[in-house]
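This report refers to the structure that appears directly beneath it.
The values are calculated or read from the model by the stated rules, or taken from the named source; none is laboratory data. Here the structure is a predicted model, which means the values were calculated and not measured. Every residue, glycine among them, receives a Cβ derived from its backbone with ideal geometry; neighbour counts consider all protein chains shown.
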Amino acid sequence: MLARLQRARSLWLGIGLLLASSAPGYGASATLTQMIEGAKKEGVFRAQWSQNTFGGGEGFNEFLAGLNKKYGLNLKGQFTPGPDMQALMVRIAQEAAAGQPSSTDLYMGNAQALFDGLKHQVLKPVEWGAIVDRRPPKDQGYDAIAADGTHMAIATAVVGIEYNTNLVKGADIPKRLTDVLNPKWKGKIASTPYAAGLRELAMPGFLGREYILDFTKKLSGQIAGLIRCGEAERLTSGEFAMLVLTCGGNDATVLQRSGAPLAQTIVQEGTVLHMRYAAIPKNSRAPNAAALMAAYWMTPEGQALLWKHDGLDLHVFPESHMKKDVDQVRAAGGKVVINTPEWLASLKGYAETQKELEKILREGGK
Amino acid sequence: MKARALESPAFFRWRPQTSPALLALAALPIAVIALFVAVMIWVSFQRGMLGTAAAVYTLENYLAVFSDPFLYRVLWNTAVFTLTTTVVALVIGLPIAWLAERTTIPGKTAIYAIMTLGLLIPGIYTAMGWTFIAHPRIGFLNRWLVDLFGLDSAPLNIATPIGMGFVQGLSLAAVVFILTAQMFRAMNPSLEEAAKVHGLGFLRTIHRVTLPLALPGILAAVIYVVTIGIATFDIPAILGLGNRVYMLSTFIYLKVHPQGSGLPEYGITGAVGTCMIAVAALLTLLYGQVLRSGHRFEVVTGKGYRPALIELGGWSAAGWCFIGLYAFVSKLLPLLLIVYAALTPYFAPPSMEMMGKLSLVHFTNMEWGLVLRGARNTALLVVFVPLLVLVFAFAISWLVVRSRNRARYAIEFAAFLPQALPEVILAIGALLLALFVLGERVPLYGSVWLIAIVYVAARIAFATRALNGSLLQIHRELEEAAFVSGLSTLRTARRVLLPLLRPTLLSVWIWTALLVYRELTVAVFLGVHDNITFPAVIWSYWYAGGMNKASAVTLLMTILLAPLIAAFWWLGRRSQTAG
């Protein structure tokens, strides 16, 4: 009798566990359950970031479908392409100052923009550890989840030199930064108006301010123009042979899939990891849905979708594609710096150096 | 009634009455423009994050503007660019307008179609098209010239102020055409016939009679093109920004959208904008002088008005060659580029390899939700903005040209101001007004109506210029006759002025609708979520490097709207003929 009772209890326990595991929020913390309930009430999830980031609207639709499936939601989405990462953060700060809801329920951007967001105190702390399925492993002390919960890194972009493979081949592919100063590239290459990569390389402990200022002056006389990261089609068209330096070679990864003559090389001196962060604006209309979306990106499915749509993922996860690039640089003895808002805040003279570099690049031509 | 009017001493010093309703109609857009300007001036004295405690009042913005040597280089570039733009636009637009309205050249509807349908092609594509023609590295014309003459370097460079001015001039030739065609249409041929009777040849008649008669319209077109040249954004952005050639508009854009470090420098933009009010004032005074001497050009009267056309004979073929070359270079080539880009997976110069990669992938993967949202908002703007512009502009023009109301100079001045200001400045004024002044009390932020208000304010100047010119050419004796016959001011306007102004009203309506349809700068600045427009969708693709997706949406937009515009023109031409 006792044995039968024990068998029956085991059976019910098993059924219970099976049901629990198939329901949304299995093993869920109270925070996660609350967020799911909150998201159900929010109903609509408005998102805005640049069209070439995270797959734009096409990527957003797939992310939203994955989010709804994982947490048992029925959120309706509205994606609107927006300005670049820093301009969007400025817009959010303005809206917050004016008492208006944020343009985007979830902010996605780089360390520089987050640094601005933190300065203007427009980001809402989230208990990320309680809602992510798997906590990202630390990388040499770097934690993808900010200590104050205002942001969480969801992907990694590796800075390098992007080039048109029809125009730059074999031994011409730059190995060191100074290779781009070869006279044969004069008037044929481009840089960015915001000195991407250069501003970080100029910091103490990397190549240093004086070295990079001198290099940038030479580069400014060498380049034919300035283009934004993401304008890779000006490389595929042959208008420019190279972009020195990129914000990450992920657009090359995506365009290569359609046969575009585009690739990225990482110079021997080292690289900067431009992390992509998720953060919730304090004036978000759907903070719960937004936090759940960020948490979804940390799942293997979310990471796979980021790779599919934007050619990047978070390098600290074992299955990461970006991890291979980072490991390769480290194995070759190159320095790797992870760009975080906290790192930027700790640097003295970063903003001034960036402005100086931008001015050299902008005014080097007529 | 006639007797009553004749008995009245008022007949001998007839002055139209200014009704309060008309005054209110004219004052409303002026008040909005004044508000935008006031916000801009207010902003010009501030630094730091607006709307927060970090914002401080200062004169530093003005000091920064005047002490920046970079700005002087920018001003020089802008001057060269604007001059080139104006010359090219006049050299092309004016003869085509004259051919279409004053000669017997066949296929006039086709000319109108070419000149207006081409406006559907966004400036960014004209610029991209010319990159493939005359870019020093990838322009096929340069490659061909280098190969043909064995040159060391490319002889043409489109990424210079002159090169960009040429491309902008091609685009604005249509503006000159629209502005001057209705003037040529309304011109009394009897003076030209008199010149012929007195033995003047064709060229001397053009020089001594036609051009002086056309002077107000030409001057209006010049002022309009000059101000567009100063303020234009798309072509300098595409051809100049990447090549480090900066114009005033791209300079302002970079101050508001810093590409990298720092906050938007609205204060600097405000200071530049405030300085530009002075430029606007000068241009307004110049135009005012033309207006005051306008009675010299009153040639359309109630009797004897019959348009006569100049027989071109064999010269028609030459005329069509000129128009055809213009159409090919400025319209067909960019359109072909759009088709090509929409069908290729990534952007690369045309080649056999790329031809093998043509597909419909950008159409099958189109984000219809976004595209339809953009189309709905653009349709709303295209319907309402031209209508409001015509109502307000008619009220303003009538007050300025016909009334003796003392407020007319102020109204004229204020109506012209937006013309001389880059639209980005109006957009910033509207944005800050909606965010920090109106707030939640008047929920305009993020709404399509905020964009509509800026469009109306921005287009009033063009509409009043065109209506002023036409009103000047309609002699007062027609209205006096109506008044003597006992018609009220409103009925006089409806029965006498509106039928005579119909061609101008129609061209203003179409031109405003087209400009609204393709306008980008304001839409980008004020677009948030629900109010994104069709061009802003295209821009969002283009700006993010998705040239091919942008091309697919542009092609869709052109295909959808082209027949409608063509039908509208056909109806317009038919109603004129019937009239």
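Values as computed for the structure displayed
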{"item": "Residues satisfying the stated conditions in region A:93-145, i.e. touching a Ser or Thr at 6+ places or on another chain (Cβ under 9 Å), in contact (Cβ under 8 Å) with a residue 60 or more places away in the chain, part of a loop (DSSP other than H, G, I, E, B) and more than 15 Å from residue A:294 (Cα to Cα)", "result": "A:101, A:102, A:122"}
{"item": "Identity of the residue in region A:94-112, small (Gly, Ala, Ser) and surrounded by 24 or more Cβ atoms within 10 Å (Cβ to Cβ), that ends up nearest to the other protein chains (Cβ to nearest Cβ)", "result": "A:103"}
{"item": "Residue within region B:447-456 that is within 14 Å of another protein chain (Cβ to nearest Cβ) and not in a helix (DSSP H, G or I) present", "result": "yes"}
{"item": "Residue that is surrounded by the fewest Cβ atoms within 10 Å (Cβ to Cβ) [pool: residues in region A:246-271 that are touching a Leu at 6+ places or on another chain (Cβ under 6 Å) and over 28 Å from residue B:355 (Cβ atoms)]", "result": "A:269"}
{"item": "Failed item in (1) over 23 Å from residue B:525 (Cα atoms); (2) without any contact (Cβ under 8 Å) to a residue 24 or more places away in the chain, with residue A:43 passing the rest", "result": "(2)"}
{"item": "Exclusive hit being over 24 Å from residue B:217 (Cβ atoms) and crowded, with 17+ Cβ neighbours inside 10 Å, set B:62, B:72, B:57", "result": "B:62"}
{"item": "Single match in A:59, A:38, A:66, A:82 (criterion: at pLDDT 95 or above and closer than 30 Å to residue A:248 by Cβ)", "result": "A:66"}
{"item": "Flag for residue B:508 being surrounded by 24 or more Cβ atoms within 10 Å (Cβ to Cβ), assigned to a helix (DSSP H, G or I) and among the hydrophobic types (A, V, I, L, M, F, W, C)", "result": "yes"}
{"item": "Residue match in region A:171-185 (condition: touching a strand residue (DSSP E or B) at 6+ places or on another chain (Cβ under 6 Å), within 14 Å of chain B (Cβ to nearest Cβ), not in a loop (DSSP other than H, G, I, E, B) and not hydroxyl-bearing (Ser, Thr, Tyr))", "result": "no"}
{"item": "Among the candidates B:451, B:474, residue that is in contact with a strand residue (DSSP E or B) (Cβ under 6 Å, 6 or more places away or on another chain) and surrounded by 20 or more Cβ atoms within 10 Å (Cβ to Cβ)", "result": "B:474"}
{"item": "Count of region A:78-92 residues which are buried (at least 21 other Cβ atoms within 10 Å of the Cβ) and within 22 Å of residue A:292 (Cβ to Cβ)", "result": "7"}
{"item": "When residues of region A:57-92 are limited to those that are at the interface with chain B (Cβ under 7 Å from one of its Cβ atoms) and in a helix (DSSP H, G or I), the one farthest from residue A:231 (Cα to Cα)", "result": "A:90"}
{"item": "Every pair of residues 6+ apart whose Cβ atoms lie under 8 Å, when the first sits in region B:368-389 and is under 15 Å from residue B:505 (Cα atoms) while the second is among the polar types (S, T, N, Q)", "result": "B:385/B:512; B:386/B:512; B:389/B:512"}
{"item": "Filtered residue count, region B:135-162, keeping only those that are surrounded by 23 or more Cβ atoms within 10 Å (Cβ to Cβ) and either part of a helix (DSSP H, G or I) or of a type in the set (D, E, K, R) (or both)", "result": "1"}
{"item": "Filter result for the condition that a residue is farther than 28 Å from residue B:510 by Cβ and surrounded by fewer than 24 Cβ atoms within 10 Å (Cβ to Cβ), over B:402, B:406", "result": "B:406"}
{"item": "Condition check for residue B:94: more than 14 Å from chain A (Cβ to nearest Cβ) and either out of contact with any Phe, Trp or Tyr (no Cβ under 8 Å at 6 or more places or on another chain) or in a helix (DSSP H, G or I) (or both)", "result": "yes"}
{"item": "Residue match in region A:343-350 (condition: closer than 28 Å to residue A:253 by Cα and more than 14 Å from every other protein chain (Cβ to nearest Cβ))", "result": "yes"}
{"item": "Residue match in region A:317-327 (condition: surrounded by fewer than 20 Cβ atoms within 10 Å (Cβ to Cβ), in contact with a Ser or Thr (Cβ under 9 Å, 6 or more places away or on another chain) and within 14 Å of chain B (Cβ to nearest Cβ))", "result": "no"}
{"item": "Top-ranked residue of region B:167-211 - restricted to ones that are β-branched (Val, Ile, Thr) and in contact (Cβ under 8 Å) with a residue 24 or more places away in the chain, ranked as farthest from residue B:326 (Cα to Cα)", "result": "B:210"}
{"item": "Residue match in region B:35-54 (condition: among the polar types (S, T, N, Q), more than 14 Å from every other protein chain (Cβ to nearest Cβ) and either surrounded by fewer than 16 Cβ atoms within 10 Å (Cβ to Cβ) or assigned to a helix (DSSP H, G or I) (or both))", "result": "yes"}
{"item": "Selection within region A:96-138 - over 26 Å from residue A:67 (Cβ atoms) and of a type in the set (Asp, Glu)", "result": "A:116"}
{"item": "Elements of type helices (runs of 4 or more DSSP H) contained in region B:200-259, each with 1 or more residues being within 14 Å of chain A (Cβ to nearest Cβ) and in contact with a helix residue (DSSP H, G or I) (Cβ under 7 Å, 6 or more places away or on another chain)", "result": "B:248-256"}
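The rows are residues; the columns are (1) surrounded by 20 or more Cβ atoms within 10 Å (Cβ to Cβ); (2) in contact with a Ser or Thr (Cβ under 7 Å, 6 or more places away or on another chain); (3) in a loop (DSSP other than H, G, I, E, B).
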| residue | (1), (2), (3) |
| --- | --- |
| B:341 | yes, yes, no |
| B:345 | no, yes, yes |
| B:357 | no, yes, yes |
| B:369 | no, no, no |
| B:372 | no, no, no |
| B:375 | no, no, no |
